[in-house]
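Peer 1: Just passing along the structure, written as structure tokens.
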């Protein structure tokens, strides 16, 4: 194993100096996937041909002495909710079992343009609906840190692949915490950018106004590099923002001294595991030692976030998933009439959780209920966004636990949807408000399970968010190794 | 089931119909409303498609700016107020030709509202209110014939999916099928003038649904309405409404109640039929489209668009009547299309007698076009040709008969008037006094009795002699000259 090549920087240098080749690196990663993924289950589809073609191009550039792009030869894997031209894309669902998209997700296009080698597609909860990856129609993902436990969800495969060293970095999607929660459970870094920061073109929609694409990696620095690559206005996504993309990597080295870190009591509430609380409080103390000012803030509407989220998310999902009707692509059940085709296709093609959410959402949007549910939820959403706006008048970032607990056991919550929904209690607010959030490892429980520190920042201020997360990660690493 | 048994005029007179119309107009944008696919009609099935209009997973809509400008232009043409901020919404329903399972439309915040169209009815003008104009995407087409296993399968062509439409909803302000017909005629005329649609009903670029109910005269509440769909000409809409009014009155007269439902018009039978037996109000679960930002058409953009608004037909007619001394009927004919009115005005300004041009269009051109089955745009004789011919008649160079012959030749050879006139050697009516005098002498000699009458004081007999000479000259003589020669001889 070439551990020295498990960071983006060292790998790129090695390829540039021709100490190794992109093809050799990709082959090594495919070998690792073969060795470890049987037990983890992070990958749904491998695209070796595409990967090797791209690696070959990088090697040719290196051989010709051309300047290498920032992610040259970096093995990256993609959550299977982002479409890839010619490579099967399932969204973790049976209904797209045979679906081969004719086009690439914009984020994938940008990664490849930056030299990344796409290894394959990662397992996830069906249509990104879940917090444990147990809703994958194919197989559950096992947490590499403890294989009896879930990796979190819905981007469980994305977090597990990085944690198990089967990819240097991955992309996931986050609708209510689906990047940050599995990052926390698997002990890696996961970022949900500001809404509009990264194009959603080619991201299979769950809930359009809440869906975000974001990166996973072992370090904040690598996450910053990936964000720099995928961020920015895309003419194919009307909701992508025309806001300048700073050099997030260069911004990391700026000092954090004097930055104000908010701590909201609503995020240290009932149900928070004492071990998680201790670790997160210690992390906040570490930030204080780095010269940050710790300031108490309040986000008073937090308690309504889960209900608000499940009305908006399911409402949008009920509409977004209407296209899976068997008429044009994907799975179609044998049937003799049109209505039978719709019923049987959707009955057999969707899993239980997806059907539950379609029904909830259909109800919430129905005539006579719309005002009481969907419209009301939108109003509460505005209040939650206002909470953040108010808090950010006083502080630059807000620190909290990413999740109330560490990774739970497979099967532990799969029959209790409500308990499962509460796993997202500290993450959904950022989706509702559209602010960026990151999860950084901040210690372990007595059972050696990772704990995540979550940080939020103002809209489009990923630079500050990443800077604080990076400073913390550097300090913690000095503590551990020093 | 009550049928549309003949309702007596007395019974019919007790009731007042209430009609509202929903018109879909396909906008003439080159690309679709949310993607860059072509909107060309008649392409092979499923050739003008992409991930966006196919509704593939992950694809997102991006609004076509031209579609917005066209919708605003149409809205201005029908006197609507433009909403600075409008919102797209999803209309959710399952149908195989609806790729996303929802149509992107506008719901509670349309792009334009509160307009009207004035229609001429019973010698006066009546304002028909327009509730709203909104933008939306078209669906695809289900095909039931024209492919191999059509007997057992339905095919879907998504070329039309995503084509930009403006839906124009009227107030229930019309009180007869004739008013509805007039409203549609005026609406189509205005849309054509704005140039945002070709309003071609055969190709589906103008579609109309009618809401109709009846109530006893004097009643202020509306009756239960039915919606008539699938009517593909204005004439059929009028017929369908006539049928539906009688059907509804028949039902009410027999003491039954109207079922609110959608009905299809069968033009061959002249009847409407219930589309679905159990038509319930469909719950479309509208909600704001999260993939699109609210549409903002600010004052500056509105002003820019308004700059492209042409003079509208009604205003143009009034001005033309004033300016060229033509009749109301002439004005209507000459403004049938904007192109025709433009052409008329470009030649009328230089013409000695614009009224004569208008007369020739009415009297000589339109009849020939109709007989040849041609549209105005296909006329072999251009407006410039009409103007040239008018000037020749005006100057006495050619006679009316010669003009008719030259027009016939134009239609025969499919060549413009001036080309034919040149090819015929620039004919002129005869000014050869010598031969005319011979003809006049012959006519006078052959009709002694009429000569006597004339000389006895019946001066109107001159007409008879002119006619005879003209006939003898095969229409080639200049009638004024003939008159002069004859008068001289007879008075001698």
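The values are calculated or read from the model by the stated rules, or taken from the named source; none is laboratory data. The structure presented is a predicted model; accordingly, all values stated were derived computationally and were not measured. Virtual Cβ from ideal backbone geometry, glycine too; neighbours counted across all protein chains shown.
Peer 1: Please work out if residue A:51 is within 14 Å of chain B (Cβ to nearest Cβ), crowded, with 18+ Cβ neighbours inside 10 Å and touching a residue at least 12 places away in the same chain (Cβ under 8 Å).
Peer 2: So residue A:51 fails the test.
Peer 1: Can you name the residue in region B:108-124 that is within 29 Å of the chain's Cα centre (by Cα) and either modelled with pLDDT of 95 or more or closer than 30 Å to residue A:343 by Cα (or both) and is also nearest to the other protein chains (Cβ to nearest Cβ) among such residues?
Peer 2: B:111
Residues checked against (1) in a loop (DSSP other than H, G, I, E, B); (2) away from every other protein chain (no Cβ under 14 Å); (3) at pLDDT 95 or above; (4) buried (at least 20 other Cβ atoms within 10 Å of the Cβ):
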position	(1), (2), (3), (4)
A:45	no, yes, yes, no
A:57	no, yes, yes, no
A:60	no, yes, yes, no
A:71	yes, yes, yes, yes
A:89	yes, no, yes, yes
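Peer 1: Okay, moving on. Please state which of the following conditions residue A:339 fails to meet, knowing it meets all the rest: (1) assigned to a helix (DSSP H, G or I); (2) away from chain B (no Cβ under 14 Å).
Peer 2: That leaves (2) as the condition not met.
Peer 1: Still on this structure, please answer the following. Collect the residues in region A:351-372 that are assigned to a loop (DSSP other than H, G, I, E, B), touching a helix residue (DSSP H, G or I) at 6+ places or on another chain (Cβ under 9 Å) and either in contact (Cβ under 8 Å) with a residue 12 or more places away in the chain or at the interface with another protein chain (Cβ under 9 Å from one of its Cβ atoms) (or both), keeping them in residue-number order.
Peer 2: Within region A:351-372, A:351, A:366, A:370 meet the criteria.
Peer 1: Sticking with this one: Which condition number in (1) outside any loop (DSSP other than H, G, I, E, B); (2) surrounded by 23 or more Cβ atoms within 10 Å (Cβ to Cβ); (3) within 14 Å of chain A (Cβ to nearest Cβ) is the one that residue B:103 fails?
Peer 2: It fails just one condition, (2).
Peer 1: Out of region A:152-204, which residues are touching a helix residue (DSSP H, G or I) at 6+ places or on another chain (Cβ under 7 Å) and on the phi > 0 side of the Ramachandran plot?
Peer 2: Of everything in region A:152-204, those that are touching a helix residue (DSSP H, G or I) at 6+ places or on another chain (Cβ under 7 Å) and on the phi > 0 side of the Ramachandran plot turn out to be A:152, A:165, A:177, A:187, A:202.
Peer 1: Another one. Could you identify the single residue in A:231, A:159, A:183 that is buried (at least 23 other Cβ atoms within 10 Å of the Cβ), more than 24 Å from residue A:130 (Cβ to Cβ) and touching a residue at least 24 places away in the same chain (Cβ under 8 Å)?
Peer 2: Testing whether each residue is buried (at least 23 other Cβ atoms within 10 Å of the Cβ), more than 24 Å from residue A:130 (Cβ to Cβ) and touching a residue at least 24 places away in the same chain (Cβ under 8 Å) leaves just A:231.
Peer 1: What about residue B:32, is it surrounded by fewer than 23 Cβ atoms within 10 Å (Cβ to Cβ) and either at pLDDT below 95 or assigned by TED's automatic domain parsing to the domain that holds residue B:159 (or both)?
Peer 2: Judged against the criteria, residue B:32 is not a match.
Peer 1: Which count do you get for residues in region B:79-100 that are within 11 Å of chain A (Cβ to nearest Cβ) and surrounded by fewer than 21 Cβ atoms within 10 Å (Cβ to Cβ)?
Peer 2: 6
Peer 1: So residue B:142 fits all but one of (1) modelled with pLDDT under 95; (2) assigned to a strand (DSSP E or B); (3) in contact with a helix residue (DSSP H, G or I) (Cβ under 7 Å, 6 or more places away or on another chain); what number is the exception?
Peer 2: (3)
Peer 1: If only one of A:269, A:288 is part of a loop (DSSP other than H, G, I, E, B), over 18 Å from the mean Cα position of the chain (by Cα) and away from chain B (no Cβ under 14 Å), which one is it?
Peer 2: A:269
Peer 1: Kindly establish whether residue A:65 is more than 12 Å from chain B (Cβ to nearest Cβ), surrounded by fewer than 24 Cβ atoms within 10 Å (Cβ to Cβ) and at pLDDT below 95.
Peer 2: yes
Peer 1: Which of the residues spanning region B:36-55 are buried (at least 23 other Cβ atoms within 10 Å of the Cβ) and closer than 24 Å to residue A:241 by Cβ?
Peer 2: B:52
Peer 1: Quick one: would you say residue B:336 is modelled with pLDDT under 90 and out of contact with any strand residue (DSSP E or B) (no Cβ under 8 Å at 6 or more places or on another chain)?
Peer 2: Yes.
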